[in-house]
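To start, the structure under review is shown below, and the notes come after it.
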Amino acid sequence: MKKDSVTSEYAIELRGITKAFGSVVANNNIDFSIRRGEILALLGENGSGKTTLMNMLSGIYHPDSGRIFVGGEEAFIRSPEDSARLGIGMIHQHFKLVDVFSAADNIILGTESESLLLTRRRFTRARQIGERYGMTIDPEKKIYDMSVSEKQTVEILKVLYRGADILILAEPTAVLTPQETQRLFGILRKMRDSGCAIIIITHKLNEVLEISDRVTILRRGESVATVNTAETDAAKLTEYMVGRPVTLSINRPELIPTETLFNVYHLTVVDDEGVIKLDDVSFNLRGGEILGVAGVAGSGQKELCETVAGLQKLKKGAILYKKENIEGMSPREIIRLGISMSFIPEDRLGMGLAASLDITDNMMLKSYRDSKSPFVDRKSAAEMARQVVDKLDVAASGINQPVRTLSGGNVQKVLLGREIHVNPSVLITAYPVRGLDIGSSYVIYDALNEQKRRGVGVLFIGEDLDVMIELCDRIMVLCHGKISGIVNARTATKEQLGLMMAGAGTDERYGTEVGDNE
């Protein structure tokens, strides 16, 4: 009788799951379940064990102890193939698609039942499964011609085509506009209503409250609570995650901006293949303000960072720091002027920090050449490392811990802390809270606001529009390498910004400041 009850109610049930990596216990005796026809959000700070738990359902890791039940039957998931046969599909944050293939080819790729030679049939099948869940997609369209949301749709169709009715989505809205997010939520609700079980891993509490039916919260590898979404709020969820009450508001200092520190005039950047990445971009940055840069992925944010840092050449235009043109200067010359770059890409350790070095040695990377002595001043670097660790609450065993052994969030704290510690007058930071939990994110926001109070001009490139509206003074929106507008963050709305990110907004309609650099 109990088995039948489980079969009808639960799509997945985990009992006493434990997984350790050496002396580190990632999951400790976790019980977890999701019903069919339900959207369940999985919350937790960085290092709480969310990814490890889902990787065991995906067949990437195997539990050290505990039992997994799928549809009421005990399951042994030894590989991703086993997971797929059980109807479990994982949609990763970073898409795994072949750019030169069509949508239909990506959807059927790797399945045994289809052949790429079945041309018209595969297009029809892909279109039919999309229509079933309200997903409109051109099956013949190449991936390289698709928007981010279209690519995500293809990823969802891939797992549905393989028969998945249990879906796991990791940070599904990270690079979507608000309008694309609402479209995705509509799709997920239709899938839920058709009987699918959907697990969403996200840090965005407002979206958790909007889309989920229940929420399971992990803390330090243990499941601390499962609550009905309708019976909770953001403050309660945050308290479950961090173990103490947290104020969920960014205290934006209301300051009068000082002098213009940074002016960009008609910046145009072209890549090696002749594709325009930045098209006639003009803006300014004043001391004591945070200027946000919003846009869907690939709108020119990376090129803007790298051009300002001296890593990429511009085709035309000028970049003025206090009326001095820095175009053509090396990164080292730009740093000496007082411009500090804290660029945090998806590969956190691929740029800015040396993974094999410890925290102290990474503090020295920007200053060791300035020493007049033949010996490296490690004592000063060690003191700097201690201050960064204390100020930003870096979770480390000590300043001699190799950076590669830190969690992603703590790597970001080390990088940002080093940039702030050199007392810049202009700080350019890209995605500084990407992948960070609530507590760590607010440490970063506080650090940026402290720089603002010091009169630093902060260029903040981010993804979360709610955060940008709360944190920034002005928001510049990029779309396909062009500026859609620059708006006052205090009066801007997510819907307005989303339309501008998609290229649907006009300067007149939104009262933007394009061309008004004063």
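The values are calculated or read from the model by the stated rules, or taken from the named source; none is laboratory data. Just so we're clear, the structure is a prediction, and the values are computed from it rather than from any experiment. Every residue, glycine among them, receives a Cβ derived from its backbone with ideal geometry; neighbour counts consider all protein chains shown.
Can you find even one residue in the range 293-306 that is in contact (Cβ under 8 Å) with a residue 60 or more places away in the chain and part of a strand (DSSP E or B)?
There is at least one residue in the range 293-306 that is in contact (Cβ under 8 Å) with a residue 60 or more places away in the chain and part of a strand (DSSP E or B).
If you go through the range 58-86 one residue at a time, how many are within 27 Å of the chain's Cα centre (by Cα) and either acidic (Asp, Glu) or closer than 17 Å to residue 156 by Cα (or both)?
Summing the residues that are within 27 Å of the chain's Cα centre (by Cα) and either acidic (Asp, Glu) or closer than 17 Å to residue 156 by Cα (or both) in the range 58-86 gives 4.
Among (1) free of Cβ contacts under 8 Å to residues at least 60 places away in the same chain; (2) more than 30 Å from residue 498 (Cα to Cα), where does residue 218 come up short?
It fails just one condition, (1).
Testing residue 228 on (1) of a type outside the set (D, E, K, R); (2) closer than 19 Å to residue 34 by Cα; (3) within 15 Å of the chain's Cα centre (by Cα), one condition comes back false. Which one is that?
For residue 228, the failing item is (3).
State which residue pairs qualify: first residue over 22 Å from residue 238 (Cβ atoms) and inside the range 21-42, second residue among the aromatic types (Phe, Trp, Tyr) in any location, beta carbons under 6 Å apart, and separation of 6 or more residues or different chains.
Every condition considered, the pairs that remain are 33/10; 35/10.
Among the residues of the range 240-253, what is the count of those that are among the charged types (D, E, K, R) and crowded, with 16+ Cβ neighbours inside 10 Å?
Going residue by residue through the range 240-253, those that are among the charged types (D, E, K, R) are 244, 252.
Add one more test, that the residue is crowded, with 16+ Cβ neighbours inside 10 Å, and what stays is 252.
Within the range 240-253, residues that are among the charged types (D, E, K, R) and crowded, with 16+ Cβ neighbours inside 10 Å number 1.
Please pick out the residue among 83, 33 that is assigned by TED's automatic domain parsing to the domain that holds residue 200, assigned to a strand (DSSP E or B), at pLDDT 90 or above and closer than 28 Å to residue 133 by Cα. So that I can check it myself, show each step before the final result.
Numbers: 83 fails: assigned to a strand (DSSP E or B).
Only one candidate qualifies: 33.
Taking the conditions exactly as written (assigned to a loop (DSSP other than H, G, I, E, B), under 27 Å from the mean Cα position of the chain (by Cα) and polar (S, T, N, Q)), does residue 48 satisfy them or not? Write out each step before concluding.
Numbers: assigned to a loop (DSSP other than H, G, I, E, B): yes; under 27 Å from the mean Cα position of the chain (by Cα): yes; polar (S, T, N, Q): yes.
Answer is yes for this residue.
Does residue 512 count as among the hydroxyl-bearing types (Ser, Thr, Tyr), at pLDDT 90 or above and either in the same structural domain as residue 178 (by TED's automatic domain parsing) or over 18 Å from residue 305 (Cβ atoms) (or both)? Before you say what the answer is, go through the steps one by one.
Working: among the hydroxyl-bearing types (Ser, Thr, Tyr): yes; at pLDDT 90 or above: no; either in the same structural domain as residue 178 (by TED's automatic domain parsing) or over 18 Å from residue 305 (Cβ atoms) (or both): yes.
So residue 512 fails the test.
In this structure, is residue 268 touching a residue at least 12 places away in the same chain (Cβ under 8 Å), of a type in the set (Val, Ile, Thr) and surrounded by fewer than 16 Cβ atoms within 10 Å (Cβ to Cβ)?
Details: touching a residue at least 12 places away in the same chain (Cβ under 8 Å): yes; of a type in the set (Val, Ile, Thr): yes; surrounded by fewer than 16 Cβ atoms within 10 Å (Cβ to Cβ): no.
Answer is no for this residue.
Going through 256, 319 one at a time, which residue ends up being surrounded by 18 or more Cβ atoms within 10 Å (Cβ to Cβ) and farther than 23 Å from residue 499 by Cα?
Values: 256 fails: surrounded by 18 or more Cβ atoms within 10 Å (Cβ to Cβ).
Sole residue among the options that is surrounded by 18 or more Cβ atoms within 10 Å (Cβ to Cβ) and farther than 23 Å from residue 499 by Cα: 319.
Could you name every one of the helices (runs of 4 or more DSSP H) located completely within the range 320-411 that has at least 3 residues being at pLDDT 80 or above and within 23 Å of residue 428 (Cα to Cα)? Steps first, please.
Numbers: elements: 331-337, 359-363, 378-391.
So the answer is 359-363, 378-391.
So residue 125 clears everything in (1) at pLDDT below 85; (2) touching a Lys or Arg at 6+ places or on another chain (Cβ under 8 Å) except one condition, right? Which one?
With respect to (1) at pLDDT below 85; (2) touching a Lys or Arg at 6+ places or on another chain (Cβ under 8 Å), residue 125 is out only on (2).
Keeping to the range 128-172, report how many residues are basic (Lys, Arg), in contact with a Gly (Cβ under 9 Å, 6 or more places away or on another chain) and not in a helix (DSSP H, G or I).
Going through the range 128-172, the residues basic (Lys, Arg) turn out to be 132, 141-142, 151, 158, 162.
Next, only the ones that are in contact with a Gly (Cβ under 9 Å, 6 or more places away or on another chain) stay: 158, 162.
Right, trim to not in a helix (DSSP H, G or I) and you get 162.
Residues that pass the stated criteria total 1.
Quick check on the range 182-215: of everything there that is among the acidic types (Asp, Glu) and out of contact with any Leu (no Cβ under 7 Å at 6 or more places or on another chain), which residue is surrounded by the fewest Cβ atoms within 10 Å (Cβ to Cβ)?
So the first thing to find is which residues in the range 182-215 are among the acidic types (Asp, Glu), and the list is 193, 207, 210, 213.
Of the ones still in play, those that are also out of contact with any Leu (no Cβ under 7 Å at 6 or more places or on another chain) are 193, 207, 210.
Details: 193: 10, 207: 18, 210: 12.
Within the range 182-215, the match that is surrounded by the fewest Cβ atoms within 10 Å (Cβ to Cβ) is 193.
Of the conditions (1) within 30 Å of residue 234 (Cα to Cα); (2) at pLDDT 90 or above; (3) aliphatic (A, V, I, L, M), residue 483 fails just one. Which one is it?
Looking at each condition in turn, residue 483 falls short on (1).
Results for (1) in contact with a Ser or Thr (Cβ under 9 Å, 6 or more places away or on another chain); (2) crowded, with 22+ Cβ neighbours inside 10 Å, shown as yes or no for each residue.
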{"position": "124", "(1), (2)": "no, no"}
{"position": "143", "(1), (2)": "yes, no"}
{"position": "146", "(1), (2)": "yes, no"}
{"position": "150", "(1), (2)": "no, no"}
{"position": "160", "(1), (2)": "no, no"}
{"position": "173", "(1), (2)": "yes, yes"}
